[in-house]
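Read the structure below first, then the notes.
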Amino acid sequence: MTAADLSPERSPDRAAPDEQAFIDMQASPEFQDLRRRLRNFVFPMTAFFLLWYATYVLLATYASDFMATKVIGNVNLGLILGLGQFVTTFVITGLYVRFANRELDPRSSAIREELEGPQL
């Protein structure tokens, strides 16, 4: 028995598709739709976050007086925007999980079932 046999991804009740089946599936409209949906979420979200992060870094570097603006007591804009980076990361993660559960997982499960057959 190999490590691949014990993989949680491979169910012993399912048939193993051959290489041509994978190639055919990659060309299928279902797989192309899955890929398109993933890219339509990931690329804009990545661009948004990188732009937000670069803005924060540039403000911290070149607008230190602005970032030092006091908001409440010793809390300044730099601290709030820095904590906003963490909040944004958690929000994006939550959005992705919800998106994947709703859009990607059902489609990928259908593709897997088409390739390997139903799970017994």
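The values are calculated or read from the model by the stated rules, or taken from the named source; none is laboratory data. The structure presented is a predicted model; accordingly, all values stated were derived computationally and were not measured. Ideal geometry is used to build each Cβ from the backbone, glycine not excepted, and the neighbour counts take in all protein chains shown. Note: areas computed on protein heavy atoms with side chains; ligands, DNA, RNA excluded. Shrake-Rupley method; radii C 1.70, N 1.55, O 1.52, S 1.80 Å.
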For this session: May I ask you to verify whether Ser64 is polar (S, T, N, Q) and surrounded by 13 or more Cβ atoms within 10 Å (Cβ to Cβ)?
Result: no
Problem set entry | In region 75-87, residue farthest from the chain's Cα centre (by Cα) [restricted to those that are under 15 Å from Val57 (Cα atoms) and of a type outside the set (A, V, I, L, M, F, W, C)] | Gly78
For this session: Only residues that are small (Gly, Ala, Ser) and over 17 Å from the mean Cα position of the chain (by Cα): list them for region 47-61, please.
Result: Ala54, Ala60
Seminar exercise, completed: Over region 101-120, the set of residues surrounded by 15 or more Cβ atoms within 10 Å (Cβ to Cβ) and within 25 Å of Leu50 (Cα to Cα) is Glu103, Leu104
Problem set entry | Positions within region 89-111 being basic (Lys, Arg) and more than 14 Å from Arg35 (Cα to Cα), in sequence order | Arg98, Arg102
Problem set entry | Complete set of residues in region 67-100 that are charged (D, E, K, R) and either surrounded by 11 or more Cβ atoms within 10 Å (Cβ to Cβ) or in contact with a helix residue (DSSP H, G or I) (Cβ under 6 Å, 6 or more places away or on another chain) (or both) | none
Problem set entry | Single residue of Pro44, Pro29 found to be within 13 Å of the chain's Cα centre (by Cα) and open to solvent by 60 Å² or more (accessible area, probe 1.4 Å) | Pro44
